[in-house]
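Right, one structure below, let's go through it.
The values are calculated or read from the model by the stated rules, or taken from the named source; none is laboratory data. Being a predicted model, the structure only gives us computed values, none of them experimental. For neighbour counting, all protein chains shown are included, and Cβ atoms are generated from backbone atoms with ideal geometry for every residue, glycine included.
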Amino acid sequence: MTARSTVTLLVLFVAASTPVAAQMGVSAPTAAAPFGSPVDDEHIFYHGLLDQFEGRLGRDNSLRWEGEAWAGTDTNRLWLKSEGEVTRGTLEDGQQQLLYSRPISTYFDVQVGTRYDLDARPGRGWAAVGIEGLAPLFFHVSATGYISSAGHYAAKLEASYDQLLTQRLILQPQIEMNFYSKDNPARDIGSGLSDIDAGLRLRYEISRKFAPYIGVTYTSKFGRTASFARNAGEPSNDFRFTSGVRVWF
């Protein structure tokens, strides 16, 4: 047998003796990971959700939207979030966010980026950092902190829950709370707990991607924010009926 043949046989023997997982750079199964370590999927995915596109009927009728879209891999994603409300032809509470997210646990992602308040009032930019994901019992929650170049701080807390009444009929309670560190008269915002937006919506999923809904919403302003609203002849709290659609792709 020649030296070349001997080397060839040794290479084949080592390759055959090495587990396939090790050859692929994947760790062998263990008690903690019985199927081996997870493998990241680097394929680019995308998703868009218009969670609220609704008319609110009450003292002042309005059109409100809240949606988000992301593109990226299993571990790195770029998010675009948008929300706002049009009342009497005036855009209010417009917030646009561009965020980068990465998982920090099985159920939660950390998000960092920017937010810009874009509506009929003077605009304002923020740096943003927060977390979003599923809490125990599958509550969808998010908490985001903001800091502006003027040294103002803000925070937003959001939570919602999908209660399946049937496979197509879903009841969703939802709440959003906004906090600010300083008054901003130009935007009619006071310090502390500024406002709450809560709703209860019943949707029917004609398909998973399209669901009309009806519901009720309650908004309330607090502290100096409530004073700004009353001085402008607006109510500091409001209860309204709503109907709209929820779509995603």
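Among the residues of this structure, S149 counts as one that is over 18 Å from the mean Cα position of the chain (by Cα) and under 30 Å from A128 (Cα atoms). Taking segment 224-238 as the search range and keeping residues that are farther than 11 Å from D188 by Cα and within 29 Å of the chain's Cα centre (by Cα), which one is surrounded by the most Cβ atoms within 10 Å (Cβ to Cβ)? For segment 224-238, the residue satisfying everything is D238. When you check E83 against the structure, is it among the acidic types (D, E), surrounded by 18 or more Cβ atoms within 10 Å (Cβ to Cβ) and in contact with a strand residue (DSSP E or B) (Cβ under 8 Å, 6 or more places away or on another chain), yes or no? Spelling it out, E83 is indeed among the acidic types (D, E), surrounded by 18 or more Cβ atoms within 10 Å (Cβ to Cβ) and in contact with a strand residue (DSSP E or B) (Cβ under 8 Å, 6 or more places away or on another chain). Look at segment 33-57: where a residue is more than 30 Å from F239 (Cα to Cα) and a partner is at pLDDT 95 or above and part of a strand (DSSP E or B), sitting 6+ places away or on another chain with Cβ atoms under 6 Å, you get Y46/A71; H47/W70. Of note, R224 satisfies the criterion of being farther than 26 Å from Q167 by Cβ and in contact with a Gly (Cβ under 6 Å, 6 or more places away or on another chain). Against the test of being in a strand (DSSP E or B), of a type outside the set (A, V, I, L, M), without any contact (Cβ under 8 Å) to a residue 60 or more places away in the chain and more than 23 Å from N76 (Cβ to Cβ), the options G113, G125 yield a single qualifying residue, G125. When E132 is tested against (1) without any contact (Cβ under 8 Å) to a residue 40 or more places away in the chain; (2) more than 16 Å from the chain's Cα centre (by Cα), exactly one condition is not met: (2).
Selection of segment 189-239 for residues being touching a helix residue (DSSP H, G or I) at 6+ places or on another chain (Cβ under 9 Å) and among the small types (G, A, S) yields G190, S191, G192, S194, S220, S236. Highlighted here are the strands (runs of 3 or more DSSP E) found entirely within segment 50-108 that include at least 3 residues which are at pLDDT below 95: 90-103.
Being surrounded by fewer than 19 Cβ atoms within 10 Å (Cβ to Cβ) and in contact with a His (Cβ under 9 Å, 6 or more places away or on another chain) is the filter; apply it to segment 164-213 and report the residue that is farthest from H140 (Cα to Cα). Selected residue: K182. Mind listing whichever residues of segment 110-128 are under 13 Å from the mean Cα position of the chain (by Cα) and loosely packed, with under 15 Cβ neighbours inside 10 Å? Hit for segment 110-128 is V112, nothing else. With respect to the conditions (1) over 15 Å from D93 (Cα atoms); (2) of a type in the set (K, R); (3) crowded, with 18+ Cβ neighbours inside 10 Å, K221 falls short on a single one, namely (1).
Counting the residues of segment 136-148 that are at pLDDT below 95 and closer than 10 Å to Y161 by Cβ gives 2.
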